[in-house]
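Peer 1: This is the structure, below, for whatever I ask next.
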Amino acid sequence: MFNATRQWLWDKGINWLNATPPTDSQLSAYCNFDFLEHEVRPGDVILFAGQTRVSKVIQMVTLSPWTHAALYIGRINDIRDPQVREKLQTHYPGNPNDKLVVESLLGYGTVANALSAYREEHLRICRPAGLDWRDADTVINTAIEHLGMGYDVQQLMDLARFLFPYGILPRRWRSSLFQHNAGQPTHIICSSMIARCFQQVHYPILPVIHNGLDHSVSFEERDFRLFIPSDFDYSPYFDVIKYPAWHFSEQPAYRSLPWQQQASIAPEKIETTTASQLLPSA
């Protein structure tokens, strides 16, 4: 009875945190989802500026509008490894032609969802510059291996406590991020999961850089549990790609050239037409 009551309270709390508070006006997404969906590539990191209650908490903790991150993996048939593809199919029974992301969500764990479910969200693409397609496959396969893993609520709380001065907190409240945990993690949050995938191919996000006395430079990977969504936005190794909801020109540049009304210059007039006459006046 006690366990059932505790689970009921937990579910109610998770649903409340994942809900979007009512507002007087409906906010529109800042990005053009159709352009983004057309241009996104497997291996891209997608950032979300969420509007839920838990998103507001994450915004205050991280001092960033980006509250969530997901890894775009493409369609089911895009997965080259048959075993990995089979696992993805067991976790996503929907249309095999759907464009998918792998993400870690509070209350759901690490799951695969259709990108189209986020049409109304404010999104941004962070693209790993120069990532080899073979390494991209490894990153994607590692993300799929995380499917079914629980969401690490303790880690989220640790990240919040980590921002406070360490000495003023009672020992029992201090962060456990630096405690050694043997074996593979069984719970993880969104940005940590993605960082762990990129670390499998030693792709830098925000590495610790050491400058030697002999002017040598060496990189050291940060603990994957220390990453937050905005780190992919800040990283100089990821290209930030935006798709604004309103474009200054919806037409390609060549369609706005100042062509005259006639279709072409008559052949007999070409010899008498100078180059200066063909150019638009300054």
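The values are calculated or read from the model by the stated rules, or taken from the named source; none is laboratory data. Note that this is a predicted model, so its numbers are computed, not measured. Neighbour counts run over all protein chains shown; Cβ positions are idealised from the backbone, glycine included. Accessible surface is based on the protein model in full, side chains and every heavy atom, while ligands, DNA and RNA are left aside. Shrake-Rupley method; radii C 1.70, N 1.55, O 1.52, S 1.80 Å.
Peer 1: Counting only residues that are within 16 Å of the chain's Cα centre (by Cα) and modelled with pLDDT of 95 or more, how many does region 95-112 have?
Peer 2: The total comes to 5.
Peer 1: How many residues, within region 116-157, are part of a helix (DSSP H, G or I), at pLDDT below 95 and open to solvent by less than 30 Å² (accessible area, probe 1.4 Å)?
Peer 2: 1
Peer 1: Next up: Determine which single condition Ile188 fails, assuming it passes every other condition in (1) open to solvent by 30 Å² or more (accessible area, probe 1.4 Å); (2) at pLDDT below 85.
Peer 2: (1)
Peer 1: Of all residues in region 229-254, how many are loosely packed, with under 10 Cβ neighbours inside 10 Å, at pLDDT 85 or above and over 17 Å from Gln199 (Cα atoms)?
Peer 2: Number satisfying all stated conditions: 0.
Peer 1: Specify which of the listed residues (Leu257, Leu278, Leu226) is of a type in the set (A, V, I, L, M) and at pLDDT 75 or above.
Peer 2: Only one candidate passes the filter, namely Leu226.
Peer 1: Report the residue count in region 79-94 for those that are under 29 Å from Lys242 (Cβ atoms), at pLDDT 95 or above and either open to solvent by 10 Å² or more (accessible area, probe 1.4 Å) or among the aromatic types (Phe, Trp, Tyr) (or both).
Peer 2: 1
Peer 1: Also, quick follow-up: Only one of (1) touching a Ser or Thr at 6+ places or on another chain (Cβ under 9 Å); (2) in a strand (DSSP E or B); (3) more than 18 Å from Ala195 (Cβ to Cβ) fails for Asn113. Which number is that?
Peer 2: Only one criterion is unmet by Asn113, namely (1).
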